[in-house]
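To start, the structure itself, in structure tokens.
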Amino acid sequence: MSWTLDPAHSSVEFAVRHMVVSTVKGRFADFTVDAQIDIDDITGARGTVTVQIASVDTREAQRDTHLRSADFFDAEKYPQMTYVVTDVRAAGSDYEIVGDLTIKDITREVVLTTEVSGPVVDPFGLTRLGISATAKLNRKDFDLTWNVVTEAGGILVGDDVKLSIEAEFTQQ
């Protein structure tokens, strides 16, 4: 079955350590999802997520500009990142979504720990399905290597990135 993303109730967010003392959070405001999900057999689901790199938003314009630059994502040369689902596995009452994440023409397998909610019928008669997914990846695996050593010998940007995805769909 084909499902349409409800962007008003969906998000692609990330968090990374800053100078070892705090966590900076951000999001990508512009993304699409093409999903085929059989609610009777979630393990057969497939889909593609396409994220527009230029839509990165950390609530700090100077940092966002730097993230779009060649030091990080190089949004001019690589305007999108994609995640293509290759497998879905049951993991207790939850699921693991296995897929190929491509950033800057580098593709790595990333496993998302996923909770599926629904389906439910909303007050307007639409069938809705929710997916909450998380993962941790190393940014250096995707050639996102820029960093600065601080006076104390620490690093400015942590290597581990925590992803958090919330997706709400309506059935077509």
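Odds and ends about this structure:
- Filtered residues of region 1-34 (kept if part of a strand (DSSP E or B) and hydrophobic (A, V, I, L, M, F, W, C)): Trp3, Leu5, Val12, Phe14, Ala15, Val16, Val24, Phe28, Phe31, Val33
- Checked against the criterion of being at pLDDT below 95 and acidic (Asp, Glu), the candidates Asp57, Asp34, Asp74, Asp64 yield just one match: Asp34.
- Tyr78 being within 16 Å of Thr145 (Cα to Cα) and aromatic (Phe, Trp, Tyr): yes
- Test: residue in region 139-155 that is surrounded by 12 or more Cβ atoms within 10 Å (Cβ to Cβ), of a type in the set (S, T, N, Q), at pLDDT 95 or above and out of contact with any Phe, Trp or Tyr (no Cβ under 8 Å at 6 or more places or on another chain): no
- Verdict on Lys104 being over 16 Å from Val12 (Cβ atoms) and in contact (Cβ under 8 Å) with a residue 40 or more places away in the chain: yes
- Number of residues in region 19-31 that are loosely packed, with under 15 Cβ neighbours inside 10 Å and within 20 Å of Asp6 (Cα to Cα): the value is 1.
- Test result for Ile53, under 16 Å from Lys136 (Cα atoms) and in contact with a strand residue (DSSP E or B) (Cβ under 9 Å, 6 or more places away or on another chain): no
The values are calculated or read from the model by the stated rules, or taken from the named source; none is laboratory data. None of the values given here were measured: they were computed from a predicted structure. As a convention, Cβ positions derive from the backbone with ideal geometry for all residues, glycine included, and neighbour counts pool all protein chains shown.
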